[in-house]
Structure formats: structure tokens, C-alpha cells
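Derivation of every value follows stated rules applied to the coordinates shown; laboratory data play no part. Quick caveat: nothing in here was measured; it's all calculated off a predicted structure. We place every Cβ from the backbone using ideal geometry, glycine too, and count neighbours over all the protein chains shown.
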Amino acid sequence: MYLTGERQLKLDAKLRLTLPADFRRQFDDRICLVPLKDAIWGFTPEGHEAWTASYFPNGFNPRDREQDKLQRTLMRRTVTVEIDSAGRIALSKLPQEKLAKLGISRDVMVIGNRDHIEVWDAAHFAELNADDDEDLDDLMFD
């Protein structure tokens, strides 16, 4: 899986997101949604498993309280939803307070970020990334 690019989209009245065709082809029939600090991250089930495992490079130790808490929190925050025949995912399956905290209601920006997609509130994304082109040049070329 290799996801790139960005698309500005609108959620429908039922808070469903229609995945762009090139993103949709990367997923089968399910997507694991994880609301994080600024966006909802979406993984294939296999990608989600690899992502969560990456937090435990020496293997998960259930007797380590911090590891146990981190894994439990990652897993309980994740909601796996079906991708319907029209390529839509129901963001309404996520807790409403998480959607409200992220400001996600109608206009969204969907980003391909290597092994996952990110769904951002469009206005928040634009605000945080207003200087991306200049920042990229600065980061790449000293």
C-alpha cells in the first residue's frame, strides 16, 4: 500500500465519506479508523496491526503497565467499519465527541500518507498547512 495526494471532499448528510477511486483500490472491504490529535487516520486491518505493533519494537509485554495501557487505548479508540459498494465509509460510527473535537462535520481534506489515509477538517488543515510549499523547500534544501 502506498497512498499519496490530497483531495478536498464533502461528507454526505449521514457523515459518509466517499473514498476517491485511487484510494479505494488500496483497501478491501473494511477500514480501521483511529481519531487522533488533529485527524482521523484510516488503515487496512493489516496496516493497523503493523502500525500498532510498531509501538512495541521489542514485542508487546502485557505485564508492562505503560505498554498495556497504550495498546488498550489504541485498540479501544479504533473503530473498524465496512466500505460499502459505493466506496463510502461511515464516519458516524466514530464517537460524536471525537468528531466534534476534530471539527469534522462537512468539508474535509483527505490525505494519502504512505500506509494510511488521514481525514481532516478542511479549514483546520488549510490553517495548519498554509506555508507547506515554502516549508518543504526549507526542509529539503538548506
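How far apart, in nm, are the 7 Å Cα→Cβ label points at Lys69 and Gln8?
Taking the two extended label points, one gets 4.1 nm.
As an exercise, use a Förster radius of 35 Å and the Cβ-Cβ distance of Ala86 and Glu127 to find the FRET efficiency, rounded to the nearest 0.05.
Values: r = 31 Å, r/R0 = 0.88.
Once the sixth-power term is evaluated, E becomes 0.70.
Pull up all non-local amide H partners of Arg30: gap of 5 or more, or a different chain, and H-to-H distance under 5 Å with H placed in the peptide plane.
Here the answer is Ile83, since their amide H atoms fall under 5 Å of that of Arg30.
Rounded to the nearest 500 deg cm²/dmol, what is the calculated helix-only ellipticity per residue at 222 nm for the chain, with -39500 (n - 2.57) per DSSP H run of length n ≥ 4?
Counting only the DSSP helices, I get -9500 deg cm²/dmol.
Which of the three applies to the chain, rounded, prolate or oblate, going by the alpha-carbon gyration tensor with a ≥ b ≥ c and a/c under 1.5 meaning rounded?
Taking the square roots of the gyration eigenvalues as a ≥ b ≥ c, the chain is oblate.
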